[in-house]
Structures are given as structure tokens and as C-alpha cells.
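*Asks:* Let me begin by handing over the structure; questions about it come next.
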Amino acid sequence: MSGSESRGGEDPSLAYGKESPVETAIWRLRSRGCWTDAAALLAPHAAEPAAALERAALLIERCLYTEQGWADAEEALRAAEAVARTDEERGAAACERGYLAYASTLLGVRDRADEARMALGRAAALISPSGEGRPLLDLRRGLIAQNLGDSPQAARAAYRRAHAGAAAQGDSLLLSSTWRHLAGLALREGELAEARHGFAESLRIREELGYLVGTAPALTALATTETEPEAGRLRAEARRLFRLLGGVPTWLASQLTPQTAA
């Protein structure tokens, strides 16, 4: 689910996942919340480990944003696990399994916290410290530490490792996530200026990449650090995008609906 960053005056929506026309199409569909359509483009290559893994990752992301499609994601993940050959490929598949279990637990579908921890632990044993998949793994270990383990210190350490790794690899989308989660911890501790900076960086990157489905959450997060009328403007833009994408991500509704009803 990673891609190289390229600017040079080109369309910023092409800056992520533009190695081929198919990858560009997948990125554009993913960024607009069309995960099933994006995954369908990879179906002809399901026997290839990288394509199988990306297909599973797309469908797992769909689960997190829509709270639907769990069976499809599980089926795709098992297919990716079956074709993995190297330690890095097995580790990447284990990382996705941990993320699927985490999403299921976080959203109250089924408690799979132990499975999430075990899978990410297996991924850590298989993915080398300098491996391409390590920053993403670090981010997800941070999510579990923060949201399932209530351990903000462990989460911060993991997020910082992920942040440094994403920057070193030029993975802009992952960097937008590490900015956001580090900012969330800062806000929790009352560090308003630090939180505002992190949320603003996350929003800036997502807007530059054209990652629409992740922009409404970034706008909403930044609004929590601003005063009126700026906070209201940010929430209004978040609501506009939320409606445009058909109410995705679903978990954002509780934060935006009260503002709509007012």
C-alpha cells in the first residue's frame, strides 16, 4: 500500500502509486473510497504475492472505513498468505492480519486483540529492521499500544519510529498518518501548538496527494485545535467531503452529525 512520491509540477493526485497506469487507477479509486473497484483491478494478478497483498490491504482498509466487507477481506488475506514465499512477504501478510484483527476489535465487531498482537509480533520477527514494511508495522504497533493497550508512551515511541521510517522512504501517505497520530497524543497531553502543527501537516499531505477519503478525518482533527470561526470552517468542509463520499468513514458521523443538527 505504499508508493513513491513525485511532484515536478505534475497532477498531485498522481503523486502516489503512479508506477503504472493500473497503479494510478488503483490509487485514484482508493483515494475516493472505491476499494472494491480498486481491488478488482488486482484480481487477475492474485497469484503474485505483491498484488495479492495489495488487494487484501485495500479490502481491509475498506473494513476500517465502512465497517463492512469483513468476509471479503478475510478471504483476500488468506489468499495473500497462501502465495507469500519470502520472510518479507510473510511478514507483510502478518502485518495485514494484525491490522484486520485490530480494526475488528476497535470497531466492536469482534474482540480479536490477542490475534492482532500475535500477528504483529510475528510480522516483527519476519520483517527486517531496515525492511520496506517496517515503518507501517511500527505505526500499527503504535495503534495497538494506544487504542487497545492504553499505553501512550509505547505508542509514541512506535509512532516516532514509523515517522522516521516513512520520511526516509519518502512514503508521504504513511507520513500523514504518523503526523496525525503523534498530534493526537500531543493533544491528549495538552500540547495544543504541537498538536495543531501535526494535524496541519497531515491535512496538507493528504490534500496534496488527493487522498479524499482521508481528508475529512484530517480536517476534523485539526478543527479540535482551532477556535471559531476557523474550527467551524474546517468542520463544514469535513461534512461536505463526508457527504460527497457517501458517509465514509462511518465512524466520523458521530463527530460531524451534532454539528449538522445544530
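The values are calculated or read from the model by the stated rules, or taken from the named source; none is laboratory data. For clarity, every value in this text was computed on a predicted model and none was experimentally measured. Positions of Cβ are generated from backbone atoms using ideal geometry, with glycine treated the same way; all protein chains shown enter the neighbour counts. Surface accessibility is based on the protein's heavy atoms, side chains included, excluding ligands, DNA and RNA. Shrake-Rupley method; radii C 1.70, N 1.55, O 1.52, S 1.80 Å.
*Asks:* Could you work out how far apart the two model spin labels at Glu207 and Ala167 are, taking each label as a point 7 Å from the Cα in the direction of the beta carbon, and quote it in nm?
*Replies:* A separation of 2.2 nm, rounded to one decimal place.
*Asks:* Given all pairs of different Cα atoms, what value in angstroms does the Kirkwood hydrodynamic radius of the chain take?
*Replies:* Numbers: mean 1/r = 0.0536 Å⁻¹.
Hydrodynamic radius (Kirkwood, Cα only) of the chain equals 18.7 Å.
*Asks:* HN-Hα J couplings of the stretch 74-83 from phi, Karplus 6.51/-1.76/1.60, θ = phi - 60°, integer Hz, Gly and Pro as x?
*Replies:* Along the stretch 74-83, the couplings run 5, 5, 5, 5, 4, 5, 5, 5, 5, 9 Hz.
*Asks:* For helix 134-147, report the angle its Cα long axis makes with the longest principal axis of the Cα atoms of the chain; keep it between 0 and 90° and round to the nearest 10°.
*Replies:* Helix 134-147 sits roughly 60 degrees off the main axis of the chain.
*Asks:* Same structure again: Compute, for the stretch 8-128, the length of the dipole vector about the Cα centre, with Cβ point charges of +1 (Lys, Arg) and -1 (Asp, Glu) only. Units Debye, rounded to 20.
*Replies:* On the way: 14 positive and 20 negative charges, 36 e Å.
Charge dipole, the stretch 8-128, about its Cα centre: 180 debye, nearest 20.
*Asks:* Can you give me the C-alpha center-to-center distance between the stretch 107-176 and the stretch 211-262, rounded to a whole angstrom?
*Replies:* Using only Cα atoms, the two centres lie 26 Å from each other.
*Asks:* So what's the angle, to the nearest 10 degrees on a 0 to 90 scale, between helix 230-244 and the longest Cα principal axis of the chain?
*Replies:* For 230-244 against the chain, the angle is about 40 degrees.
*Asks:* So for the pair Ala71, Asn147, with labels modelled 7 Å out along Cα→Cβ, what separation do we get in nm?
*Replies:* Computed distance between label sites Ala71 and Asn147 equals 2.5 nm.
*Asks:* To the nearest 10 degrees, how steeply does helix 49-66 sit against the main Cα axis of the chain, on a 0 to 90 scale?
*Replies:* 30
*Asks:* Here's a follow-up. Above 19 angstrom, tally the Cα pairs of the stretch 23-161 and express them as a % of all pairs, no decimals. Please report the intermediate quantities before stating the final value.
*Replies:* Details: 4730 of 9591 pairs.
Cα-Cα pairs of the stretch 23-161 separated by over 19 Å account for 49 percent.
*Asks:* Further question: If each DSSP helix of 4+ residues adds -39,500 (n - 2.57) and the sum is divided by the residues in the chain, what number results at 222 nm, nearest 500 deg cm²/dmol? Before the final figure, lay out each step's value.
*Replies:* Working: 13 runs with 185 residues, N = 262.
My calculation for the chain gives -23000 deg cm²/dmol from helical runs alone.
*Asks:* For the stretch 161-262, count all C-alpha to C-alpha pairs, find those more than 20 Å apart, and express that count as a whole percent of the total. Before the final figure, lay out each step's value.
*Replies:* Values: 1950 of 5151 pairs.
Value for the stretch 161-262: 38 percent of Cα pairs lie more than 20 Å apart.
*Asks:* Now a separate question. Given the alpha-carbon gyration tensor of the stretch 110-184, what are the semi-axes of its equivalent ellipsoid in whole angstrom, ordered largest first, with each equal to the square root of 5 times an eigenvalue? Provide the component values of the computation, followed by the final result.
*Replies:* Working: eigenvalues 75, 50, 17 Å².
Those come to 19, 16, 9 Å.
*Asks:* With only Lys, Arg, Asp and Glu charged, each at its Cβ (+1 for the first two, -1 for the last two), find how big the charge dipole of the chain is about the Cα centre; round to the nearest 20 debye.
*Replies:* Working: 31 positive and 35 negative charges, 75 e Å.
Roughly 360 debye, rounded to the nearest 20.
*Asks:* Right, something else. Per residue, how much accessible area does the chain show when a 1.4 Å probe rolls over the protein heavy atoms, in square angstrom? Don't skip to the answer; put the middle values down first.
*Replies:* Working: 11920 Å² over 262 residues.
Computed with neighbouring chains in place, this is 45 Å² per residue.
*Asks:* Looking at Leu41, Thr220, Ile60, which one has the Cα that reaches farthest to the positive end of the dipole of the chain (charges on Cβ: Lys, Arg +1; Asp, Glu -1)?
*Replies:* It is Thr220.
*Asks:* I would also like to ask the following. For Ile205, tell me the accessible area in Å² from a 1.4 Å probe, rounded to the nearest 10.
*Replies:* 10
*Asks:* What percent does the relative contact order of the chain come to when contacts are Cα pairs within less than 8 Å and at least six residues apart? Before the final figure, lay out the partial values.
*Replies:* Working: 387 pairs, mean separation 38.6, N = 262.
Across the chain, relative contact order equals 15 percent.
*Asks:* Still on this structure, I have one more. How many nm separate the modelled label positions at Ala82 and Met118, each set 7 Å beyond the Cα in the direction of the Cβ?
*Replies:* If labels sit at Ala82 and Met118, their model points lie 2.1 nm apart.
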